[in-house]
Structure formats: C-alpha cells, structure tokens
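None of the figures in this text is laboratory data; all of them are computed from the coordinates on show. The shown structure was predicted, so the numbers you read here are calculated from the model rather than taken from an experiment. Cβ atoms come from the backbone with ideal geometry, glycine included; neighbour counts cover every protein chain shown.
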Amino acid sequence: MLSTNETTLDTLKPGDKAKILKVRVKGSSIRRKLFDMGIVAGSEIQLIRRAPLGDPLEFKIKGYNLSIRKMEARDIFVQVLE
Amino acid sequence: MLEDNNKIKVALAGNPNVGKTTLFNAITGSKQHVGNWPGVTVEKKSGFTKYKGYDIEIVDLPGTYSLTAYSMDEIVSRNFIIEEKPDMVIQIVDASNLERNLYLTTQLMELETKIILALNMCDLATERGDKIYLNKMEEMLATPIVKTVASQEKGINHLLDKVIEERNNDQHHGHEIGYGDEIEEKIFEIEKILANDTEITEKYPLRWMSIRLLEGDENIKDKVNKSSVASKINDVLDSIDQEEYEADIADKRYSTINIIFPQICTRANQVLTKSDMIDRVLTNKYLGIPIFLSLMWGAFELTFAFATPFMDMIEIAFTWLAGMVSTNLQPAWLASLVGDGIIAGVGSVLIFVPNIFILFFLLSLLEGSGYLARAAFIMDRLMYKIGMHGKSFIPMLMGFGCNVPAIMAARSIEDDRDRLITILVVPFVSCGARLPIYILFAGTFFGRQAGTVIFAMYVLGILVAVASAKLFRLTVIKGKPAPFIMELPPYRVPKLKSALIHMWDNGAMYIKKAGTIILLGVTIIWILASFPWGVEYGSESSYVGIIGHLFEPFLRPLGFDWRISVALVFGFVAKEIVVGSIGVLFGVGDNQEALSQSLLADPGITPLNSMSLMVFSLLYMPCVAAMSVIKKETGSWKWTIFAILYGVAVAWIMAFVVYQGGKLLGY
C-alpha cells in the first residue's frame with residue numbers, strides 16, 4: 001500500500017498533500033538550505049500551484065509558502081496523503 | 001570600565017519578511033548608518049537610541065532563515081555574533097509563523113549569546129484565531145519574550161526595558177537542543193579535540209562548532225583546517241556519513257520544535273487566508289503574467305510622470321547656473337571648467353536622481369507588499385532558460401528607465417554569480433537616455449519607419465543582454481543559476497516610512513558614491529575638450545578632436561567619421577550628450593530641426609551610417625554613472641573594465657555587421 005503512494009514532489013497535483021520521506025537533492029549547500037526551510041523527513045507539504053509558466057512550484061509547508069523549482073522537487077521523495 | 005557601563009550593543013536577527021526593518025526603524029528612527037559589511041556587498045545597517053540613560057546601539061543583521069553557510073548573509077550574521085560579541089541578540093519572531101522562526105532561535109541559542117525574542121505580528125496571529133501562551137513559551141525556551149507590533153510601533157519601550165534588564169542580568173539562559181545519543185557522542189568527541197586548540201577555544205563556542213562540523217559547514221571546516229587540530233578533526237569527520245548527520249541534525253531541530261510548538265501555541269483551523277486569495281488572482285495561470293506586465297508598465301508610467309517635471313527643473317537650474325558662471329566668472333578657462341565641466345557634470349549626475357528616488361520608492365513598496373517575490377516566481381522559468389535567476393528580471397526591467405538604479409537593484413540577488421551576470425548585462429537594456437539619439441537619427445532618416453527602427457533598438461538591446469548572459473554562463477561565469485528556494489511571504493500593506501527610508505538610503509548612496517567617480521569622469525572629459533590651451537571647447541583641434549581622429553580608423557569600418565567619434569567619446573559621460581555634441585560639431589547647437597537638416601544634407605551621413613550609429617550607441621559602454629555603480633556593486637575594477645571592453649567589442653561587431661552588411665546589400 002505504502003509504496004504505491006510514494007512519488008517525488010514534482011508530480012503532485014495542486015491541492016495534493018504529502019509527507020516528506022527523503023531529500024536526495026545533490027549538492028550539500030542546496031540540501032541544507034532545503035532543510036533550513038523545513039523540507040525535512042516527516043514534514044507535511046502541500047502543492048498550492050505551479051507558476052504561470054509551469055515552473056517553479058509553490059508549496060505550503062509549516063504554515064508558510066515556499067517556492068522550489070521542479071529540478072529540486074524531483075529529488076525529494078514523498079508519500080501522498082489522502 | 002565605568003564609561004562603558006551605559007553602553008549596550010544589540011544585534012537584531014530574524015527571518016526575512018517578519019518586520020525586522022520596520023522594528024529597526026521604529027527603534028532607531030533616523031539615527032541610522034548604512035554601509036557594507038567589510039569585504040562583502042552585504043548591506044550593514046546600524047542605529048542608535050538613548051533609553052533611560054543607556055546608549056543602545058542596534059546592528060541590523062541581514063534577514064536569514066538559518067545560520068548555516070548557505071549565503072553571505074548567514075556568514076556575516078553569525079560572524080558578527082561570534083566575533084563582535086554583542087551584549088545580546090534580539091530575534092524578531094513572526095507570531096503567525098512560529099515553527100520556521102524558532103528554527104533560527106535554536107541556532108542562535110547554540111551561539112551562546114543572550115537572546116530576547118520579540119514576538120511580532122501578534123495582531124495577525126490573533127486575528128487568525130491563533131493562541132500563543134507566552135508564559136509557557138518563555139518557560140520552555142528559557143528566554144525572555146516581548147510582544148511587539150512593529151508596524152504600529154507598539155511594544156518598543158517594553159522591549160528596550162527588557163534589553164536593559166537583560167544587560168544587568170548575569171545569568172545565562174536559553175535551552176539548547178539535544179540531538180540524541182549518537183550525535184551527542186560525536187559532538188562530545190569533537191568538542192574534546194577542539195578544546196586542545198587555545199585559539200579556537202577562545203574564539204568559538206565549541207559545541208556550536210562541533211555541530212557545524214558534523215553538518216559539513218565548509219566555512220567552519222576551513223577555519224579548523226588552519227588550526228593545530230585539523231588532522232584529528234578530519235579523522236573523526238571521515239568516519240561518519242556526513243549526509244546522514246546533516247539530515248539528522250536538521251530533523252532533530254524541527255522535531256524538537258514540533259514537540260514544543262503544540263504546548264505554546266494552538267493554531268486556528270487554517271481556512272484560506274487573505275493572502276492565499278490574493279495569490280489566486282495575482283499568480284493565476286492565465287492572469288498572472290498580464291497582471292505582472294501591467295503593474296510594471298504602471299510603475300514606469302508613474303516613474304516618468306513624477307520624475308519628468310523634476311528632471312526638467314534640474315536641467316533648467318543647471319543650465320541657468322552654467323550660464324551665470326560662464327558669463328560672470330573670470331578668467332575664461334575657469335569659467336569653462338566650472339560651467340562646462342563641473343556644473344554640467346554635476347547636472348548630468350543629478351538629472352538621474354528623481355528617477356532613482358522614484359524607482360526605489362516603488363520597488364520598496366512592491367517588496368514590502370510581498371509582490372516582488374511573486375514577480376520572481378512568475379518570471380523564473382523564462383529567466384532560468386537564459387541562464388539567469390527569477391530575481392534578475394526586475395533589475396533588467398528597471399534598466400529601461402535608467403541603468404543606474406537597475407544595477408543597484410541587483411543587490412536583491414543573493415547568489416554572487418547570478419548578481420554579477422545581471423550587473424554585466426543590464427547596460428545593454430536601452431535606458432531612457434539613449435532614446436534622444438534614436439529619435440534624432442531614426443526621425444531624420446527613416447521617416448514613417450522611425451517607430452519601427454526605435455522599437456528594433458530596444459529589441460536588439462534585450463537580445464544582446466540575453467545572448468551575453470548565455471555566453472557568460474558558458475565562459476567567464478560558469479555554472480547554473482542558483483536554486484529558487486524562496487519564501488513567498490504573505491501580502492501586506494507596505495509601510496510608507498520604510499519605503500521612504502529605503503528610497504533615501506539608495507538615492508543618497510548614489511549621489512555620494514557615484515558622484516565622486518562621475519565628477520572625476522567629467523573633469524577628465526573637460527580637460528580633453530579644452531586643451532591644448534586656447535582651442536575652442538570640443539573642437540577638432542582639442543584633445544577630444546584629436547582622440548576623435550585617432551579613433552577614426554577604428555570606427556571608419558562602422559561608417560563613422562571623426563565628428564561622430566568625438567560625440568561618442570562625450571557619450572561616455574551620459575548618452576544624452578551624444579545628440580548635443582553632434583549638434584555642436586555640425587555647427588547648429590541645440591536646434592534639433594536645423595540639426596536634422598544638416599544631417600540630411602551631409603554626404604557623410606546616410607541612413608545606413610545612422611543605423612550603425614544607433615546600434616553602436618545602444619551597446620558601446622555604460623555611461624560614467626552606470627560604470628561607477630558597476631564598480632561599487634561588484635567591488636572590482638576588473639569586472640568594471642571587463643564590462644566596458646565587452647560592451648565596446650559587442651557594439652563594434654554589431655555595428656560592423658549592420659554597416660558592412662548593409663553596404664553589401666546595396667543600401
């Protein structure tokens with residue numbers, strides 16, 4: 001059951017909520033920045049919208065709005081919540 | 001130490017967009033000093049206030065989410081706290097966004113400094129229905145907390161009372177986070193090794209340093225590598241899975257906050273906030289871009305509508321002043337130096353001031369409202385494709401008004417290389433001062449097609465800027481644009497006071513810093529135009545004329561004779577001077593109509609020449625004002641000279657292609 005809900009952050013649809021499982025973004029300083037902004041395993045995250053041109057993406061996490069490019073979102077593994 | 005007894009040094013820390021600047025302005029009023037942190041282009045603001053017999057100095061640290069080494073802002077902030085040892089740190093905490101704000105608190109606590117939390121925007125949180133239990137929060141975090149509403153200047157005195165109370169309180173407090181047995185063991189192991197180095201022990205909190213090392217902080221690693229314990233530390237670090245530790249430590253910080261959080265705050269059920277609703281329109285898939293473009297267009301219209309009368313006044317005043325001086329001052333050479341040189345030069349500097357003030361005022365309003373972040377969000381994909389960052393868009397756009405504030409606005413881009421590229425390509429964006437050149441030549445030679453020709457110049461400028469950005473990414477400034485990990489802050493009503501202060505700071509900085517270089521530039525041009533002794537100002541036999549002749553072979557393939565060369569040399573001071581100097585060199589002065597006639601009658605100037613000239617003027621080099629801010633913002637003569645040489649090279653090649661290509665095609 002669990003594995004079928006596992007995906008990466010860039011594939012969420014607007015409104016989808018997910019729980020972060022693992023941050024596999026390359027580059028230690030980018031990874032640390034993501035951690036600092038609250039992208040850590042266990043956090044709940046919701047996709048709010050895509051930018052008008054399709055990228056970057058806007059998420060709600062820890063009560064605030066954060067924007068990340070698809071490129072980084074692709075390396076963040078999440079479990080979609082119902 | 002008696003004389004120091006009433007001095008208190010306080011550092012102001014906090015996340016961006018939590019009202020830090022507003023609080024800083026509320027405490028210090030107009031007693032501010034703006035400069036740069038040593039060695040970097042991060043702005044440093046400090047201010048003073050007197051309160052109950054104490055002299056309190058407030059140093060405004062850059063807004064950061066964390067104190068890792070992600071950006072220069074973070075390094076500057078933590079270095080200040082460690083090295084300058086302020087008496088305490090006030091962290092401004094956004095009450096409506098406690099979790100992420102407390103993350104920074106956990107890091108500040110590890111720096112072993114006294115902390116006061118200013119719980120700001122309580123009004124917003126209360127309005128939303130959040131409940132924050134202040135006493136419980138003070139107890140759990142073991143730090144004093146003061147409620148403030150900086151935007152209404154509420155709670156300031158209470159905060160200052162707390163500062164004085166803490167100053168006289170020798171007890172150290174603040175709860176540090178425990179990272180769990182495995183990590184704590186490593187922290188302890190590293191701490192023990194570090195303790196052997198007296199220099200490190202004296203300067204740094206050891207526990208903090210150990211944690212940073214486990215997190216793989218390059219900046220701290222560098223420091224340790226220069227110490228006597230380098231090899232032992234590296235042995236320990238090599239034995240662990242860095243990536244794992246890094247994630248675990250951040251995780252632990254947030255999970256500790258997650259444990260504390262429900263005990264100090266009950267958050268109202270999140271319905272859609274006002275800000276979310278605004279965003280549904282402003283960043284809407286279909287409406288987002290049209291709204292963005294209309295807002296930008298509106299900002300420009302507003303800038304010019306407001307600036308033009310002031311610019312006219314400045315011009316009239318300086319023309320009058322120069323006239324006064326040249327008729328009344330003796331001897332003639334002095335009158336010329338003061339009138340044609342200094343006053344005209346200062347005038348060419350000040351003429352941009354209304355533009356700069358208004359652009360910065362509007363920019364500050366946009367930033368304070370939260371829209372600037374959305375502008376970057378909307379434009380990022382497009383900008384990324386050309387090797388730039390979403391945040392580069394606004395500076396580029398401002399370039400159409402005036403390159404000078406545009407280059408200064410690039411300061412909002414955190415990544416050094418992203419900022420450098422933006423600064424280097426902005427001069428290709430056709431600023432307002434280049435328009436008179438197009439109007440003269442397109443109007444004279446292209447009749448009904450004039451509008452199209454002028455439009456083509458603007459497009460060419462954009463294309464060259466884009467192509468240059470791409471080229472720089474492949475050559476001198478390699479790499480990809482920095483990631484777009486950015487908060488989209490809630491929309492707020494911008495603060496007029498903050499906008500005015502921001503406007504004043506930037507305007508004054510332009511006048512002070514740019515002014516000196518510009519004055520130097522115009523004086524050199526004046527000397528070249530007036531000597532050898534006795535020649536007519538700017539004539540063929542003056543040094544400028546000689547230089548014009550000297551450059552002529554170089555510019556001949558572009559279709560320019562010596563007169564155009566001279567005008568282009570003058571254009572370096574300010575591009576609008578090109579038209580004026582052509583007028584002088586063709587012997588008709590300021591009369592545009594007559595100038596058009598004599599250009600048409602001159603066999604040396606054809607439509608093709610004039611096209612080539614417009615292209616060259618668009619691209620060849622930033623004016624001296626722009627050049628001086630490039631120097632200031634990059635802090636490097638190397639890049640300033642690069643900008644000039646690159647501009648000239650591109651201009652020459654493009655004008656060559658236009659002129660020679662046109663000739664081949666039979667124009």
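According to the Cα-based calculation, Rg over Rh for region B:383-520 is 1.04, with Rh computed by the Kirkwood formula. Note on B:E593/B:T475: beta-carbon distance plugged into 1/(1 + (r/R0)^6) with R0 of 56 Å gives a FRET efficiency of 0.75. Rounded to the nearest 5, the antiparallel percentage of DSSP beta bridges internal to the protein assembly as shown is 65%.
Please arrange B:W526, B:W639 by how many other C-beta atoms lie within 10 Å of their C-beta, fewest to most.
Going from least to most buried by this count: B:W639, B:W526.
Calculated FRET efficiency, B:Q330 to B:N284, Cβ-Cβ distance, R0 = 51 Å: about 0.15 to the nearest 0.05.
What does the C-alpha gyration tensor say about the overall shape of chain B? Classify as rounded when a/c is under 1.5, otherwise prolate if a/b is larger than b/c, or oblate.
Cα axes put chain B in the prolate bin.
A simple spin-label model places pseudo-atoms 7 Å from Cα toward Cβ; at B:E165 and B:L463 they are separated by 6.8 nm. Pairs exceeding 30 Å between alpha-carbon atoms, taken from A:K17/B:K20; B:K575/B:K638; B:K9/B:K512; B:K45/B:K162: A:K17/B:K20.
Loop-located chymotrypsin sites (Phe, Trp or Tyr not before Pro) in region B:276-324 (DSSP state not H, G, I, E or B) with no more than 14 neighbouring Cβ atoms inside 10 Å: B:Y286. For a test of the definition: using alpha carbon positions, the gyration tensor, and the 1.5 limit on a/c, classify region B:518-664 as rounded, prolate or oblate. In terms of gyration-tensor shape, oblate.
The modelled label-to-label distance between A:L21 and B:A601, using points 7 Å beyond Cα along the C-beta direction, is 8.3 nm. When only the Cβ of Lys, Arg, Asp and Glu is charged (+1, +1, -1, -1), the dipole of region B:1-140 relative to its Cα centre reaches about 260 debye. Full extension of the chain between B:W297 and B:F455 gives 55.3 nm of extra length, using 0.36 nm per residue less the Cα-Cα distance.
Annotation: extensible slack from B:T266 through B:E83 equals 62.1 nm (criterion: 0.36 nm per residue apart, minus Cα-Cα distance). Only lysines eight or more places from B:K480 in sequence, or on another chain, were considered; those with a Cα closer than 22 Å are A:K26, A:K33, A:K70, B:K385, B:K391, B:K470. Close amide H partners of A:V78, meaning residues 5 or more places away or on another chain with modelled amide H under 5 Å apart, are A:T7, A:T8, A:L9, A:L21. Here the protein assembly as shown yields Rg over Rh of 1.02, to two decimals, using C-alpha coordinates and the Kirkwood radius.
For region A:2-81, relative contact order (Cα pairs under 8 Å, six or more residues apart, normalised by length) works out to 44 percent. Only helices enter the 222 nm calculation for chain A: every DSSP H run of n ≥ 4 contributes -39,500 (n - 2.57), and dividing by all residues gives -4500 deg cm²/dmol, rounded to 500.
In this calculation the C-beta distance from B:R448 to B:S636 is compared with R0 = 51 Å, giving a FRET efficiency of 0.65. Once you reduce region B:198-212 and region B:110-186 to the center of their Cα atoms, the two points are 24 Å from each other.
Note that region B:462-479 has calculated 3J(HN,Hα) couplings of 5, 4, 5, 4, 5, 4, 5, 4, 4, 4, 4, 4, 8, 10, 6, 10, 5, x Hz, one per residue in order, obtained from phi through the Karplus relation 6.51 cos²θ - 1.76 cosθ + 1.60 (θ = phi - 60°); glycine and proline are x. Projecting the Cα atoms of A:S29, A:V78, A:L66 onto the dipole axis of region A:2-81, where Lys and Arg carry +1 and Asp and Glu carry -1 at the beta carbon, places A:S29 farthest toward the positive end.
Once backbone amide H atoms are built at 1.01 Å from N, B:K114 has B:V89 as its partners under 5 Å, excluding neighbours fewer than 5 places away on the same chain. Going from the residue with the fewest nearby Cβ atoms within 10 Å to the one with the most, B:H549, B:H502, B:H389 rank B:H549, B:H502, B:H389.
Spin-label model, B:I527/B:Y51: points 7 Å from Cα along the beta carbon direction are separated by 5.2 nm.
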